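The values are calculated or read from the model by the stated rules, or taken from the named source; none is laboratory data. All values derive from a computational prediction rather than experimental measurement. A quick note on method: Cβ atoms are made from the backbone with ideal geometry, for glycine too, and the neighbour counts reach across all protein chains shown. Accessible surface is based on the protein model in full, side chains and every heavy atom, while ligands, DNA and RNA are left aside. Shrake-Rupley method; radii C 1.70, N 1.55, O 1.52, S 1.80 Å.
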Amino acid sequence: MALSDSGVQKQINHMMAFIEREADEKAEEIDTKADEEFTLEKGRLVQEQRLKIIEFYDRKEKQVEMQKKIQSSNMMNQARLRVLKAREEHVMTVLDEARKRLHEIVKDQSKYQEILRRLIIQALFQLMESDVMIRCRHQDTRLVQGCLDSALKEYQNATKQKCKVVIDKENFLPSDMCGGIDAFSEGGRIKVSNTLESRLEMISQQLLPEIRVALFGRNPNRKFSD
């Protein structure tokens, strides 16, 4: 039977209602899926950014820690250098005091003349030459002349060798030196410095480790004493 207009309209309305319901369900399904995808993507992005932030601050923390270690190491090195410098200055002060006391020694003329005699003998033994020239301070010429024969005799008795020793009366050691002598042979090509300053320098180099221990105690981190 042919449908009436009202029946057709009813069928159309029913179909439209069905289509609308399907469309609403599909739209709701799309919205739900979109919400789920959005939530998942948002969670992924948040986690990704959180990890980046954690990594960034971990790196910053390591950099700060490294800077602290470097700064601490630099400060310790600077402090150690200041201590070493202060110690070295103290050692130099001790040696300067020793140099000042050398000037006191020469005031005792008899004692100083005996020191000159021994310095001359030592220089002769070091040179072991037949012709030697002695150079001294101008003010020590008389003292050197007075002990020269005794020094030469002791040397010749010990070595059984003849030696001619002369005093250089044209060239002198600086008058502001503590004292002592220089000895020359081979026309001045060979020299033995036996001034009080040179002897102090040599002895101080040899005794420097002992001086440091006496002043500051033994360093447990130092493997060698020189």
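Numbers for the structure displayed
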| read-out | value |
| --- | --- |
| Fluctuation leader among 148, 84, 45 - the chain, Gaussian network, Cα springs under 10 angstrom | 45 |
| In degrees, nearest ten, helix 141-159 long axis to first principal axis of the chain (Cα) | 90 degrees |
| Correct option for mean projected area of the Cα convex hull in nm² [calculated from the coordinates] among [x] 14.0; [y] 30.0; [z] 15.6 | [y] |
| Residue of 55, 154, 36 that the Gaussian network model of the chain assigns the largest fluctuation, springs spanning Cα pairs under 10 Å | 36 |
| Charge-dipole axis of the chain as Lys and Arg at +1 and Asp and Glu at -1 on Cβ define it, positive-most pick from 40, 83, 7 | 83 |
| Solvent exposure of the stretch 1-137 as accessible area per residue, Å², 1.4 Å probe | 82 Å² |
| Between the stretch 15-30 and the stretch 62-91, the Cα center-to-center distance that results, in Å | 79 Å |
| For the chain: relative contact order, % (alpha-carbon pairs under 8 angstrom, 6 or more apart) | 16 percent |
| Chain lengthening between residue 202 and residue 104 when straightened (0.36 nm per residue, less Cα-Cα) | 33.3 nm |
| The chain, dipole about Cα centre (Lys/Arg Cβ +1, Asp/Glu Cβ -1), debye to the nearest 20 | 2500 debye |
| Computed over the stretch 3-86, Kirkwood Rh from alpha-carbon pairs, angstrom | 19.8 Å |
| Heavy-atom accessible surface of the chain: percent carbon and sulfur, 1.4 Å | 55 percent |
| Karplus 3J(HN,Hα) series, Hz, for the stretch 190-197 with 6.51 cos²θ - 1.76 cosθ + 1.60 (x for Gly, Pro) | 10, 10, 10, 8, 10, 6, 5, 5 |
